Amino acid sequence: MTQDELKTLVGQAALAHVVPGEIVGVGTGSTVNKFIEALGTMRDRIPGAVSSSEASTARLQALGIRVFDANEVGELAVYIDGADEIDGTGCMIKGGGAALTREKIVAAQARKFVCIADESKRVEVLGGFPLPVEVIPMAAAHISRRFAALGGTARLRLKDGQPLVTDNGQHILDVTGLKIRQPLQFESDVNQWPGVVTVGVFAHQKAAVCLLGTAAGVVTLDYAS
Ligand code: 5RP
């Protein structure tokens, strides 16, 4: 199976976690796009969604799924999103699609994070994928020096030759060369640095379940217990 087929498989499998009658939290990315397509078949059984990006909002609305502002709704039953990496405890690196801040907000609003990913995302230690960090632009150089002190190399993410601007009007640093062996502590520490909006380690908002697309089919990894 191709990576695209694995993404379709887990996107469809995630429908089993959508609670009829409840608003669903929706992430961002190519795997989530498969989920959104599948969610279209359930649109009459849910009031709508809370979205983590302008891109996902546009896709949801195109399928006739109502998108609620996060402030309009209370706790969500479930948040469904992809990951750039996921370790053996459900901690993740996210933000490859630059939507990490809104993703973390919607994930925090949900009782359960269901991660959908193909098997290439499963790692032993987080850090192989460049760690996305959303930053206030004036702090980018200072934050880059702090990562250098940890052995990392931070690069400003560009789009069409210009700094990428997130949905929140900020910039993204992608940091290579880190091995994140204590994700909870790392996330807490980096989030305290002045100018960091969101670090793309999801340990406080880790996955409760991962639907992993493998050659043998969808494997459910349960991290809740
Ligand atoms: C976007 C994300 C995505 O979930 C992550 O990048 C995985 O994307 P894809 O499903 O396209 O591999 O965090 O900010």
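Where a number appears in this text, it was derived from the coordinates with a stated rule and is not lab data. Only a predicted model underlies this, so the values are computations on that prediction, with no experimental measurement involved. Cβ placement follows ideal geometry from the backbone for every residue including glycine, while neighbour counts extend to all protein chains displayed.
Among beta bridges from DSSP that stay inside the chain, the antiparallel ones total about 60%. Non-local lysine pairs in the chain, meaning eight or more places apart or on different chains, with alpha-carbon distances under 17 Å, amount to 14. By the Cβ distance rule (another cysteine Cβ under 4.7 Å), the unpaired cysteines of the chain are Cys91.
Here is the list for region 55-129: GluC sites (Glu not before Pro) lying in DSSP coil, each with at most 16 other C-beta atoms within 10 angstrom of its C-beta, are Glu75, Glu124. Computed from backbone phi with θ = phi - 60° and the Karplus coefficients 6.51, -1.76 and 1.60, the 3J(HN,Hα) list for region 74-81 is x, 5, 9, 5, 8, 10, 10, 7 Hz; x is used for glycine and proline. Give the shape of region 1-68 as rounded, prolate or oblate, defined through the alpha-carbon gyration tensor: a ≥ b ≥ c are the square roots of its eigenvalues, a/c under 1.5 means rounded, and otherwise the shape is prolate if a/b is larger than b/c and oblate if not. Note, shape of region 1-68 comes out oblate.
Here the chain is assigned +1 on the Cβ of each Lys and Arg and -1 on the Cβ of each Asp and Glu. Its dipole about the Cα centre then comes out at about 300 debye. Mean residue ellipticity at 222 nm, helices only, the chain: -7500 deg cm²/dmol; runs of at least 4 DSSP H residues each add -39,500 (n - 2.57), and the sum is divided by the number of residues.
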